[in-house]
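Below is one structure, written out as structure tokens; comments come after it.
The values are calculated or read from the model by the stated rules, or taken from the named source; none is laboratory data. Quantities reported herein were computed from a predicted structural model and do not represent experimental measurements. With ideal geometry, Cβ positions are generated from the backbone for all residues, glycine too; neighbour counts draw on all protein chains shown. Heads up: the accessible areas ignore ligands, DNA and RNA and are worked out on the full protein's heavy atoms, side chains in. Shrake-Rupley method; radii C 1.70, N 1.55, O 1.52, S 1.80 Å.
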Amino acid sequence: MDYQALLERIAADVAPLVGSGTPAEYIPALASVDRDRFGIAVADLDGKVYGTGDWEHPFSTQSVTKVFALALALSLGGDDLWDRVGREPSGNPFNSLVQLEYENGIPRNPFINAGALVVTDRLLTLTGDASSELLEFLRAESGNPDIAFDPEVAASESEHGDRNAALAHFMASYGTIANPVPALLEDYFWQCSIEMSCADLALAARFLARHGLRADGTRLLSRSEAKQVNAVMLTCGTYDAAGEFAYRVGLPGKSGVGGGIVAVVPGRCTLCVWSPGLDRHGNSVAGMAALDRFTTLTGLSVF
Ligand code: DON
């Protein structure tokens, strides 16, 4: 497949949508990002990467890191994570509190903020420093040692982190959280602040297309676990728009309020698209459209 020509066609097709939507305003450090940016990259199984537009420009990964954190936690700590977090779509916004009380402090899935806090809590217990462990993992898988935290974004999230603090304290009251809440929140905010480009993210996600194999050929996840993570991405990776994402794109995908979306074609390739304008669910408007075009033009979906 001529990925380069394909990506250029997709970029031209979605150009009218770039700039629509709004960047995440509840994190002030993200609100000022230029909304006219657009980049898209594809990595094949061997690590050859193709891209167009702002595909090498680092952006705030935000919730896209939740999929890597889940994979790391599963690889280090096994299945007992699933005692404290579910695997069902929430049908609610990513930072919603309402289900947590009805469901006794157990979040619906690992990709809403409450669930990601549980994953981070598990990783903190296992490693002592979840965000640094995650950063090293992302550097290794992408082959880019320059990937870094953005201290300004981490501070901005911390300053405006009342909602995440509420989620974490509420879960702690049910015994879902093992570590002190302030340490957990700090680690989570650092994690969300990691900056990467579309090329970095497409490369780093390849273990999901390679049925659990890392870039160096060693195994991160069993074949079955890789299937499970992809399945949770498909059903929960874009929050209360997961049904629409499956309908339009038909791939496992994970979005972030920085405007990035990672998608996986198991056994074939990984994609990352970035454009900061978000829809009301917190998913990139042009990014969704670009992935929709990709699967429509190529037929490469899981369906
Ligand atoms: O915790 C937050 O609210 C943000 N750091 C991450 C949220 C996010 O990216 C949701 N994704 N669309």
>> With angles folded into 0 to 90 degrees, how steeply does helix 162-173 sit against the dominant principal axis of the chain? Use alpha carbons for both and round to 10.
In response: 50
> Can you give the charge dipole size of region 3-298 about its Cα centre, rounded to the nearest 20 debye, using +1 on the beta carbon of Lys and Arg and -1 on the beta carbon of Asp and Glu?
Replying inline: 1000
> For the chain, what relative contact order do you get, as a whole percent, if you take Cα pairs closer than 8 Å and at least 6 residues apart?
Replying inline: 28
>> Just to verify a number: what accessible area does Phe137 come out at with the full protein assembly present, 1.4 Å probe, Å² rounded to tens?
In response: 10
> For the peptides 147-154, 294-301, what is the packing order when you average, over each peptide's residues, the other Cβ atoms within 10 Å and list the highest mean first?
Replying inline: 147-154, 294-301
> If you take the square roots of the eigenvalues of the alpha-carbon gyration tensor of region 175-303 and sort them as a ≥ b ≥ c, do you get rounded (a/c under 1.5), prolate (a/b over b/c) or oblate?
Replying inline: oblate
> So what's the gap between the Cα centers of region 1-76 and region 163-191, to the nearest angstrom?
Replying inline: 28
> Looking at the chain, what % of the alpha carbon pairs are farther apart than 24 Å?
Replying inline: 45
>> By the 4.7 Å beta carbon criterion, which cysteine residues of the chain come out unpaired?
In response: Cys192, Cys236, Cys269
> To the nearest 20 debye, what charge dipole does region 74-200 have about its Cα centre, counting +1 at the Cβ of each Lys and Arg and -1 at the Cβ of each Asp and Glu?
Replying inline: 440
> By how many nm would the segment from Thr125 to Ala155 grow when fully extended, if each residue of separation counts as 0.36 nm and the alpha-carbon distance is taken off?
Replying inline: 8.5 nm
> Taking the Cα atoms only, what angle lies between the long axis of helix 223-236 and the longest principal axis of the chain, rounded to 10 degrees?
Replying inline: 90
> Hey, could you pull the Cα Rg and Dmax for region 1-93, both in Å?
Replying inline: 17.5, 46
>> What does the charge count around Val232 come to, taking other residues whose C-beta lies under 11 Å from its C-beta (Lys +1, Arg +1, Asp -1, Glu -1)?
In response: +3
>> Could you report the chain's accessible area per residue, 1.4 Å probe, as an integer in Å²?
In response: 38
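Dipole magnitude of region 56-142 about its Cα centre, charges +1 at Lys/Arg Cβ and -1 at Asp/Glu Cβ only, in debye to the nearest 20?
Computed about the Cα centre, the dipole is about 160 debye.
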>> Students often get this wrong: which residues of region 262-303 have the backbone nitrogen under 16 Å from the point 7 angstrom along Cα-to-C-beta of Asp2?
In response: 297-298
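Report in % the part of the accessible area of region 3-298 that belongs to carbon and sulfur, leaving out ligands and nucleic acids; probe 1.4 Å.
The nonpolar share, carbon plus sulfur, comes to 49 percent.
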>> Quick check: net charge around His281, other residues with Cβ under 9 Å of its Cβ, Lys/Arg +1 and Asp/Glu -1?
In response: -2
